[in-house]
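Trainee: Here it is: the structure, laid out below.
The values are calculated or read from the model by the stated rules, or taken from the named source; none is laboratory data. Note that this is a predicted model, so its numbers are computed, not measured. Heads up, the Cβs are rebuilt from the backbone with ideal geometry, glycines too, and the neighbour counts pull from every protein chain shown. Ligands, DNA and RNA are stripped out before the accessible areas are found, and what is left, the full protein with its side chains, is counted by its heavy atoms. Shrake-Rupley method; radii C 1.70, N 1.55, O 1.52, S 1.80 Å.
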Amino acid sequence: MEIIAKPDQADAAASGADGTVKVWDLFVRIFHWSLVVLFVAAFLSGDESDRIHLTAGYAIAGLVAMRIVWGFIGSKYARFSDFVKGPGEVWRFLMLSMRLKAPRVIGHNPAGGAMIIALLAMLVGLSVTGFLMTTDAFWDSKAMEEAHEILAYVTLGLVGLHIAGVIVAGIEHGENLARSMVTGRKRAS
């Protein structure tokens, strides 16, 4: 299994005096926390306020589109090529992680990479079904509304798994991963 457990030479050169390395660029951090706020707003306003729900939904769609582009042209750890791994590698990583024996990864680990792809796919599905419900063809469509709600609950479940994974990895490697998504930096070794 090929997993990057240590920073490469470029990372080492960019290490701060505090023994940290820059991992998450400003766009990734703003995207992440904006998405948290917007998803909560959209989820909680679904049956209460069409205006808030639609505004949050369109903002999510725009953010997801920008993140997909950033996945190809962004900084090293933001690129899909850095963290999207095959199913076998993801499975092996998960098995090691369940025994708290997974190697530490500076960027996204294989399971985290798979989660990002799953969440992006769900958010695209939510955006598409949400938009379609505003069109004449699907206005008041119970089937489209049901598909949208199912996607919302699946996304919520994935968010729960994502948080659990962050907690497990944080315990396993003794680091605060949520803080790194605020500061952009992780321990270099």
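Trainee: Please arrange TRP70, TRP33 by accessible surface area, largest first, computed with a 1.4 Å probe and ligands excluded. It would help to have the intermediate numbers written out before the result.
Mentor: On the way: TRP70 75, TRP33 100 Å².
If we order TRP70, TRP33 from most to least accessible, we get TRP33, TRP70.
Trainee: Counting only heavy atoms of protein chains, what accessible area per residue, in Å², does the stretch 43-99 have with a probe of 1.4 Å?
Mentor: So the stretch 43-99 comes to 63 Å² accessible per residue, rounded to a whole number.
Trainee: Let me know the Kirkwood hydrodynamic radius for the chain, please, with Cα pairs as the basis and the value in Å to one decimal.
Mentor: This gives a value of 17.8 Å.
Trainee: Could you look at the chain and say what percent of its accessible area is carbon and sulfur, using a 1.4 Å probe and all protein chains?
Mentor: 68
Trainee: Can you compute the charge dipole magnitude of the chain about its Cα centre, using +1 on each Lys and Arg Cβ and -1 on each Asp and Glu Cβ, nothing else charged? Give it in debye, rounded to the nearest 20.
Mentor: 980
Trainee: Mind jotting down the distance between the C-alpha centroids of the stretch 44-63 and the stretch 132-162, whole Å?
Mentor: Cα centres, the stretch 132-162 to the stretch 44-63: 12 Å.
Trainee: Which of GLY19, GLY165, GLY74 moves the most in a Gaussian network model of the chain with Cα springs under 10 Å?
Mentor: GLY19
Trainee: How far apart, in nanometres, would the label points at VAL36 and LEU120 be if each is projected 7 angstrom from Cα along the Cα-to-Cβ direction?
Mentor: About 2.1 nm separates the two model spin labels.
Trainee: Something else: With a probe of 1.4 Å, find how much accessible area the stretch 109-189 has per residue, and write the answer as a whole number in Å².
Mentor: Roughly 55 Å² per residue, with all protein chains present.
Trainee: Here's something else I'd like to know. Between LEU94 and GLU149, what's the calculated FRET efficiency when r is the beta-carbon distance and R0 is 30 Å? Round to 0.05.
Mentor: According to the calculation, E is roughly 0.60.
Trainee: Where does the chain land at 222 nm, in deg cm²/dmol rounded to the nearest 500, when only DSSP H runs of n ≥ 4 count, each adding -39500 (n - 2.57), divided by all residues?
Mentor: -22500 deg cm²/dmol
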